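Working notes for the structure below.
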Amino acid sequence: MSLPAELMPHDLSFDFSAEIQKTALASGQEVIGQPRALRALALGTSINAPGYNIFVTGPSGTGRQTAVRKVLAQLPSSSTLKDLVYVFQFSRPDQPQPLYLSQGKAEEFKEKLHDLVETLKLRIRQELGAELYKAQRDQILKKTEFSENHLIAEFESRLNKEGFKIVQMDAEESDPPLMDILPLWKGEAVSFDDLQDKVAAGEIQEADWNQTRERYYLFIDEMKGLFERLGEARRNMEKDLQKLQISYIRRPLRRLVQKIARQYPEDGVRAWLTALEKDVETHLFLFLSDKPVDDGQGNPALIRYAVNVLVDHGKTPKLPVVFENRPTPANLFGTIEARGDPQGEPRTNFLSVRPGALHQASGGYLVLRAEDILSQEEAWPLLKQVLETRQVEIQVSSGPFGPASAIKPKPIEIDLKVIILGAEGLYDYLVQEDRNFARLFKISAEFDSVMSRTPEAMAEYLKFMHDTVQKRSLLPLEPSGSAEVFEYGVRLAEHRQKLSTRFSAVADLLSESSYWARQLGNKLIDRTSVQRALDERKFLFSLPEEKMDEQVRDGQILLSVTGSAVGVVNGLAILDRGSYSFGRPMRITATAAPGDDGVVNIEGEAGLSGEIHDKGVLILRGLIRSRFAQDFPLSLSASVGFEQSYGGVDGDSASSTEAYALLSAISHVPLRQDLAVSGSINQRGEIQPVGGITEKVEGFYATCVKLGLTGTQGVIIPYWNIQNLVLNREVQNAVKEGKFHIYPVKTLDDGLFLLTGKELGHRDENGHYPAGSLGALIVEKLAELHNITHPKDEEEEE
């Protein structure tokens, strides 16, 4: 039977009563049609426990990112946000130390440390310029100098008595200068070479020469010991001077440092300030030098007291929310920027450390796209490690000769949640492939592509339309335009009682409709404007569709929409371009002959068949065996294939079509070519629903229009797909006027009757079909094929 009038999808009955419009205006729901996802987001953002990170899944355009933004924007501000800085670690200069400060205190802390250094530069000079300090310093110096002079004078006096003298060697580069001892000859110091010449001349006895040389070595050893004692005395003097300096500096230094410490109660900050105080005491010379002192890396040595601010939440009104669109290791975990010295060598220090998105988001949320983070082979495992340990290590970039940095900052403790936006089904895949994933992402917020078409949902939908019109400064919506947009939403949902939640597509349609309303001279977006926008969109993307129609019309694609043929059925396929899809008929043929090869899937043999399509062909074998070969083994060599199809084929929506073609080829009963078929079939012969039914029906109608409508043409669809039909007005009118037909079927029997005009028949208690029925004919033909294939079996039976 053709589709009953009451089931004809020509009127979706959109109600724009005053009550609906009032509800729309009063609606405060900002995220529409996603109660399950919103509850998941609420749960994930409310529980403060390890692993409650959130993985958001759903089709593109369903408002996932918008919903996440709005949910996070409604969260209360946090009183536990911490600023983050790196400082010099005095005990391990190669490991910069992180400090955590109260919200908005980082820049202030940096300024106070800068002011402290500048104050110390003046204060230290003032304290050490006092007269009392100078007097005590001079006393220490004079005491040491007196002791040195006394010891040296005593030693020189003894040398003179022994006939020796201390002299300074000619060594310009030596500091301190080298000293030596020379013997005296007639009151003048002479070298041992000159003395040896006098021995050779007989002026000095050789025994005296040897004795002088022995005494020389003894005095040299004694002089070395003397100078070692003098050096030790000098070092002790330096220590005494340093202690003296510290004694004068300690109290004002402590007052200045403690003044800062009182403003920052954090234990880590106070401990570091205490270490800073001790370090300043041992590095007073940095503040006293007239020229800047270098740290050996080309930096002023006083940067050891600087502060590197990584994160300052002073201007963060609520929880930090960071959307990272390029989650490389450096962008996520931070990096160390190296600069070249005059020789071109890379140099780094703790001020070169730069924060990553994880640092910026600590205390709040980091939002990533799944396709971005999963494509980063290095970043994804590191991110999971961070979620496990709740610590971030700054990533040091490597050069051709190893790490480009000589410093390794200490890890930073973070407290945040990660939200990842992924495609539909991705969460399940990751759970199966990664044993740790479910433990790290315990919340799955699933966005649905459709929502029920209730009055409340329609009110929210209508509010979304009006909000979009206002935000994008579009022309106002007229009720007929709203109805047309509603119908578009139903069409996207592919269900007459549903609305699509792909709001980005709905918003785009409104923008395009407003444009065409202006082009048409309208002041409102009415039905005509929306329909023009849809028609124009179809025209822009329909070039492949037109080319295919030309090939059908010119006979390059063999297709008939009239008459009948054995083993040939017009199947219906969807051609999806990603941004646009359309349906068109495709000839499916079958052949049958004696043999034991079974049903051969031509696409499968050619490597063009997907797994689901392969399964559908296997189901055909079971169907034929159970329905028509109960009294003898199935002996059949048949093949089914999509004619003039040169791409991959998948899905089982053509399995009923293949069944009709195959049974026609077996029975030699012709099938109507003015009907096209879509539907999946099971082994019991029940017709199952398929996807894309609207596009398929409209596609065959368009082909019939191109080749000529006869009034008998139509489509056979699964009965359960009636609710999925949302046809355009041209097809609706053609069906209403009897120019085109839609036949919903529940079983194989219904479809065969429409295609052949013959009843399949019902089997009796013995499993036999009525005489003269199509079922009996098929059984008879299969028996003949078996007898031809296995003639011996027939002889044995006789």
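Would you check which residues across the range 358-370 are at pLDDT 95 or above and either out of contact with any strand residue (DSSP E or B) (no Cβ under 7 Å at 6 or more places or on another chain) or among the small types (Gly, Ala, Ser) (or both) and list them?
Correct list: Ala370 only.
Taking only the range 739-781 into account, find how many residues are within 53 Å of the chain's Cα centre (by Cα) and either part of a helix (DSSP H, G or I) or not β-branched (Val, Ile, Thr) (or both).
13
So that you can scan it fast, the table gives a plain yes or no per residue for (1) polar (S, T, N, Q); (2) over 24 Å from Gly757 (Cα atoms):
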position	(1), (2)
Gln683	yes, no
Pro689	no, no
Ala702	no, yes
Pro718	no, no
Leu725	no, yes
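Which residue pairs have Cβ atoms closer than 8 Å, lie 6 or more positions apart in sequence or on different chains, and pair a first residue in the range 238-252 that is without any contact (Cβ under 8 Å) to a residue 60 or more places away in the chain with a second residue that is part of a helix (DSSP H, G or I) and acidic (Asp, Glu)?
Ile246/Glu281; Arg250/Glu281
Looking at the range 510-522, which of the residues that are touching a helix residue (DSSP H, G or I) at 6+ places or on another chain (Cβ under 7 Å) and in a loop (DSSP other than H, G, I, E, B) is surrounded by the most Cβ atoms within 10 Å (Cβ to Cβ)? Break it down stepwise before answering.
Our first condition is that a residue be touching a helix residue (DSSP H, G or I) at 6+ places or on another chain (Cβ under 7 Å); within the range 510-522, this holds for 510, 512-513, 516-517, 520, 522.
When the remaining residues are screened for being in a loop (DSSP other than H, G, I, E, B), the result is 520, 522.
Numbers: Leu520: 11, Asn522: 18.
The qualifying residue surrounded by the most Cβ atoms within 10 Å (Cβ to Cβ) is Asn522.
Do we find a residue being open to solvent by 30 Å² or more (accessible area, probe 1.4 Å), farther than 25 Å from Val87 by Cα and in contact with a Ser or Thr (Cβ under 9 Å, 6 or more places away or on another chain) anywhere in the range 324-341?
no
If I ask for residues that are more than 11 Å from Ser514 (Cα to Cα) and not aliphatic (A, V, I, L, M), which ones from the range 529-548 would you list? Working first, answer last.
Looking only at the range 529-548, we keep the residues that are more than 11 Å from Ser514 (Cα to Cα), and these are 531, 534-548.
Gln531, Asp535, Glu536, Arg537, Lys538, Phe539, Phe541, Ser542, Pro544, Glu545, Glu546, Lys547, listed by residue number.
A quick yes/no check of all residues on (1) surrounded by fewer than 16 Cβ atoms within 10 Å (Cβ to Cβ); (2) at pLDDT below 90:
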{"residue": "Glu111", "(1), (2)": "yes, no"}
{"residue": "Val117", "(1), (2)": "no, no"}
{"residue": "Leu120", "(1), (2)": "no, no"}
{"residue": "Arg123", "(1), (2)": "no, no"}
{"residue": "Asp138", "(1), (2)": "yes, yes"}
{"residue": "Ala153", "(1), (2)": "yes, yes"}
{"residue": "Ser157", "(1), (2)": "yes, yes"}
{"residue": "Lys161", "(1), (2)": "yes, yes"}
{"residue": "Ala171", "(1), (2)": "yes, yes"}
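Can you tell me how many residues in the range 353-372 are assigned to a helix (DSSP H, G or I) and surrounded by 21 or more Cβ atoms within 10 Å (Cβ to Cβ)?
Summing the residues that are assigned to a helix (DSSP H, G or I) and surrounded by 21 or more Cβ atoms within 10 Å (Cβ to Cβ) in the range 353-372 gives 5.
Within the range 289-313, how many residues are farther than 20 Å from Ser91 by Cβ and surrounded by fewer than 13 Cβ atoms within 10 Å (Cβ to Cβ)?
Result for the range 289-313: 6.
Is one or more of the residues making up the range 386-395 open to solvent by 20 Å² or more (accessible area, probe 1.4 Å), among the hydrophobic types (A, V, I, L, M, F, W, C), at pLDDT below 90 and farther than 24 Å from Gly63 by Cα?
In the first step, residues of the range 386-395 are kept if they are open to solvent by 20 Å² or more (accessible area, probe 1.4 Å); the result is 387-391, 393, 395.
With among the hydrophobic types (A, V, I, L, M, F, W, C) added as a condition, the list becomes 387.
Those still in the list that are at pLDDT below 90 too: none.
Scanning the range 386-395, I find no residue that is open to solvent by 20 Å² or more (accessible area, probe 1.4 Å), among the hydrophobic types (A, V, I, L, M, F, W, C), at pLDDT below 90 and farther than 24 Å from Gly63 by Cα, so the answer is no.
When the range 422-459 is examined, which residues are found to be within 30 Å of Gly51 (Cβ to Cβ) and polar (S, T, N, Q)?
Gln432, Asn436, Ser444, Ser449
Considering only the range 75-92, state which residues are surrounded by fewer than 19 Cβ atoms within 10 Å (Cβ to Cβ) and touching an Asp or Glu at 6+ places or on another chain (Cβ under 9 Å). Can you show your working first?
Step one: filter the range 75-92 for residues surrounded by fewer than 19 Cβ atoms within 10 Å (Cβ to Cβ), giving 75-80, 90-92.
Thr80, Phe90, listed by residue number.
Only one of (1) closer than 23 Å to Gln723 by Cα; (2) in contact (Cβ under 8 Å) with a residue 60 or more places away in the chain fails for Lys463. Which number is that?
Evaluating Lys463 over (1) closer than 23 Å to Gln723 by Cα; (2) in contact (Cβ under 8 Å) with a residue 60 or more places away in the chain leaves (1) as the failure.
Spot the failing condition for Arg577; the list is (1) touching a Gly at 6+ places or on another chain (Cβ under 9 Å); (2) within 24 Å of Glu698 (Cβ to Cβ), and only one is missed.
(1)
The values are calculated or read from the model by the stated rules, or taken from the named source; none is laboratory data. Everything numeric here is computed off the predicted structure, so don't read it as measured data. All Cβ positions, glycine included, derive from the backbone under ideal geometry; neighbour counts span all protein chains shown. Accessible surface is based on the protein model in full, side chains and every heavy atom, while ligands, DNA and RNA are left aside. Shrake-Rupley method; radii C 1.70, N 1.55, O 1.52, S 1.80 Å.
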